[in-house]
1. For the stretch 42-57, enumerate the residues that are touching a strand residue (DSSP E or B) at 6+ places or on another chain (Cβ under 9 Å) and open to solvent by 20 Å² or more (accessible area, probe 1.4 Å).
2. If the requirement is being within 9 Å of the ligand (Cβ to nearest atom), small (G, A, S) and without any contact (Cβ under 8 Å) to a residue 40 or more places away in the chain, which of these qualifies: G87, G27?
3. Mind checking which pairs have a first residue in the stretch 58-78 that is over 18 Å from L22 (Cα atoms) and open to solvent by 50 Å² or more (accessible area, probe 1.4 Å) and a second that is near the ligand (Cβ under 9 Å from one of its atoms) and assigned to a strand (DSSP E or B), Cβ under 9 Å, 6 or more apart or different chains?
4. Out of V133, V101, V159, which single residue is away from the ligand (no atom under 15 Å from the Cβ) and either within 22 Å of R60 (Cβ to Cβ) or open to solvent by less than 10 Å² (accessible area, probe 1.4 Å) (or both)?
5. For the structure I just gave you, tell me whether I111 is modelled with pLDDT of 95 or more, within 15 Å of the ligand (Cβ to nearest atom) and more than 13 Å from the chain's Cα centre (by Cα).
6. With L46, L75, L21 as the choices, which residue is hydrophobic (A, V, I, L, M, F, W, C), more than 15 Å from the ligand (Cβ to nearest atom) and under 15 Å from A109 (Cα atoms)?
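The values are calculated or read from the model by the stated rules, or taken from the named source; none is laboratory data. On a predicted model such as this, the values are computed, not experimentally measured, just so you know. Don't worry about glycine lacking a Cβ; one is built from the backbone with ideal geometry, like all the others, and counts go over all protein chains shown. Surface accessibility is based on the protein's heavy atoms, side chains included, excluding ligands, DNA and RNA. Shrake-Rupley method; radii C 1.70, N 1.55, O 1.52, S 1.80 Å.
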Amino acid sequence: MKTLPDFIHEFVPGISNRTLLLLHGTGGNEQDLIPLGRELDPNAALLSPRGKILENGMPRFFRRLAEGVFDVEDLKQRTNELADFVGRATQHYKLAANQVVAVGYSNGANIAASMLLLRPEILRAAILFRAMVPLVPENLPNLSSVRVWIGAGRFDQIVPASETKHLVELLRGTGADVTIRFLEGGHEFTRDDVDAAREWLTTLK
Ligand code: MLT
């Protein structure tokens, strides 16, 4: 566990230019997605921060008012804080700033989507498991050089298909190249999600 620069985080060096930014779900921590990151890309560096918000003792990346109802002002502030951390961490660990790929699950996928919309310079691509529409920005960024893979669960009780479709439309409206997969499963991501995301990642140059 490291405390610099300014989020508790785990860092695992890689042997390629790519960095996977691993963003856990509610109640997770910086260790949770390390095995997933290694499985998705055995060569990438892994940067895995712990969300700073505590909800009944459970770490999250931003506040919510109820399940699926976000505190948008807090989300904006936390998105900028996380984006700044990624910028500082790439300098600190001497990583390629233009090769950062977010891998987020649930709450982590939501802040990754928010970062795409509010801080478009940070991410080259994103893998979003069970993501929602985090916010709709006043001005859409130009994400025409960004690729996004979204894994949705057909039986997800938290993220209905309509929400996923709204997110896909929003991101496509920015020019992003969005791949959407609906998988047999609920809010937890599955082996099929991981296999499909890993396959997609091999097509990312
Ligand atoms: C969120 O709060 O980001 C979503 O409701 C997903 C969750 O973390 O449960």
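1. Those that are touching a strand residue (DSSP E or B) at 6+ places or on another chain (Cβ under 9 Å) and open to solvent by 20 Å² or more (accessible area, probe 1.4 Å): R50, K52, L54, E55.
2. Values: G87 fails: within 9 Å of the ligand (Cβ to nearest atom).
The match here is G27.
3. Note: pairs meeting the criteria are R63/E55; R63/F70; R64/E55; R64/F70.
4. Working: V133 fails: away from the ligand (no atom under 15 Å from the Cβ); V159 fails: away from the ligand (no atom under 15 Å from the Cβ).
Step by step, each of V133, V101, V159 is checked, and only V101 is away from the ligand (no atom under 15 Å from the Cβ) and either within 22 Å of R60 (Cβ to Cβ) or open to solvent by less than 10 Å² (accessible area, probe 1.4 Å) (or both).
5. no
6. Values: L46 fails: under 15 Å from A109 (Cα atoms); L75 fails: more than 15 Å from the ligand (Cβ to nearest atom).
Step by step, each of L46, L75, L21 is checked, and only L21 is hydrophobic (A, V, I, L, M, F, W, C), more than 15 Å from the ligand (Cβ to nearest atom) and under 15 Å from A109 (Cα atoms).
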